[in-house]
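K.L.:
For reference, the structure I am asking about is given below.
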Amino acid sequence: MSIERLNPTELKALELILNKGKRTYDDISNELGITPRHLRRIRDKQDFKDALKDSVISTSAESMPAITKSLEKKAMAGDVNAMKLYFQIQGVTLERREVKSTVENVSENKQKTNEELEADIQELQQLINESKFNSFFTGDKAK
């Protein structure tokens, strides 16, 4: 882990930056007893960046269950954006299909029976319903 490669000043800088609040980097450098330029060089080091990222991820991971539960409540209350985000987090993706229409010369069409026409109507109705269902989760307008 990159945090183990940080010296005591860098470790203190990491702690102060993680708990920065309203302090500026100048305030932090003064508290550390170093120049702002020195703090900038510390912040530019890859080991420091990695340690900072690891610390933020670790802290965020602890909050994830509460955040997910809050998002779930909003989704259950009908918030469409919350539903979409919740399903994205869960790894659920919905297939998006588009209906394309084609125009053919009427004289080339064969005469269809009532059963064939009914089957065509049912197929079109199913495509429309699927499009409405998917647009509910994707936020897109049904085409």
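K.L.:
Enter the Cα centre distance for the pair segment 41-90 and segment 19-34, rounded to the nearest angstrom.
P.N.:
The two parts, judged by their Cα centres, are 26 Å apart.
K.L.:
Give me the one-decimal nm value for the distance between modelled label points at T9 and M76, 7 Å along each residue's Cα-to-Cβ direction.
P.N.:
The answer from the label model is 5.3 nm.
K.L.:
Work out from phi, with θ = phi - 60° and the Karplus expression 6.51 cos²θ - 1.76 cosθ + 1.60, the ³J(HN,Hα) of each residue of segment 34-41, listed in order in whole Hz, and give x for Gly and Pro.
P.N.:
Using θ = phi - 60°, the values come out as 10, 7, x, 5, 5, 4, 4, 5 Hz.
K.L.:
Which whole-Hz ³J(HN,Hα) couplings does segment 11-21 yield from phi under the Karplus relation 6.51 cos²θ - 1.76 cosθ + 1.60, θ = phi - 60°, glycine and proline marked x?
P.N.:
Along segment 11-21, the couplings run 5, 5, 4, 4, 4, 5, 5, 5, 10, 4, x Hz.
K.L.:
Mind scanning K20/K45; K53/K74; K49/K74 and naming the pairs with a C-alpha gap bigger than 24 Å?
P.N.:
K53/K74; K49/K74
K.L.:
Please turn the phi angles of segment 47-58 into ³J(HN,Hα) values with the Karplus equation 6.51 cos²θ - 1.76 cosθ + 1.60 (θ = phi - 60°), one per residue in order, whole Hz, x for glycine and proline.
P.N.:
Couplings: 4, 5, 4, 5, 5, 5, 4, 4, 5, 5, 5, 4 Hz.
K.L.:
Something else: What FRET efficiency comes out for K22 versus E62 if R0 is 30 angstrom and r is the Cβ-Cβ distance? Round to the nearest 0.05.
P.N.:
For R0 = 30 Å, the calculated efficiency reads 0.80.
Here, each number is a calculation from the coordinates, and none is a lab measurement. Here the structure is a predicted model, which is why all the values come from computation and not from measurement. Using ideal geometry, Cβ is built from the backbone for each residue, glycine included, and neighbour counts are taken over all protein chains shown.
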